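Laboratory data are not the source of any read-out in this text; all were calculated from the coordinates shown. Every value quoted in this text rests on a predicted model; they were computed, and no experiment measured them. Quick reminder, even Gly has a Cβ in these numbers, built from the backbone with ideal geometry, and neighbours come from all protein chains shown.
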Amino acid sequence: MVNRIKELRAKHGFSQLELAQKVGVRRETIVFLEKGKYNPSLNLAHEIAKVFNLTIEEIFIF
Amino acid sequence: MRAGPDVRQDDRAGRTNIGPQKLADLLEIPNFVLAISNIYPMKRTIIIFVIAALVLISAAIWLLESQFTGNFQEIVMVIILFLVLGFAIFVGVQRLKSSNRNESPEDELSKKIMTKTSSLSYYISLYLWLALAYFSDKMEWETHTIINAGILGMAIIFLFSWIGVKLFGLRNG
């Protein structure tokens, strides 16, 4: 699974820490997600999609 | 009974209207509760530091009592002990840094990393104990030496499993 978190984060001008605080996780989790080293839970994927105002399918590509 | 200047009785609704000063006084209790709730997420960090301190004190007592001779086996044990302590302090400091950045000290990733590390290290440790059982017959080790080697080996396996999980990440499938 690949994701567009890094691209979308840059587009919205968020730092990793800011995005982490918005979705309620640690910065390390965002680092792992961007590197593709971790597949998030459905809950976290939903929170990230809400921040970027997109659907889960538009961010996480299976 | 007549209410004070800062507390007014609302006759129609039977409720008490509280003035700003009284409200500020009442907020002292929620502030105290808030302070306790801020300590609660730090509980595990405090436990990590307390355990590390206890291990350090125990190691110091053991070194003083056992008349440290400095042979190879003792030096290896001390190095492993300090590695494990260093790891505990590192984890504690990371949690403190997270706390300072207003992050939760634990989230879904950190919990999964610890779960994966624990299961992986347990699985590998089974082979360690099997190897120790085999070599203890061959080398005629004393029981306490086997137990020491097993416990310290498990600690090292846990440390390397944690590093491995951090390096390679957690992917489903």
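Observations, loosely collected:
- Cα gyration tensor category, rounded, prolate or oblate, for chain A with a/c compared to 1.5: rounded
- Cα shape, region B:50-173, gyration tensor, a/c 1.5 rule: oblate
- Computed extension gain for B:S99 through B:I147, at 0.36 nm per residue and net of the alpha carbon distance, reaches 13.5 nm.
- Spin-label model distance (nm) - B:T115 vs A:L54, 7 Å beyond Cα toward Cβ: 2.7 nm
- For the residue pairs A:K6/B:K116; A:K11/B:K43; A:K50/B:K116, the C-alpha atoms sit more than 31 angstrom apart in A:K11/B:K43.
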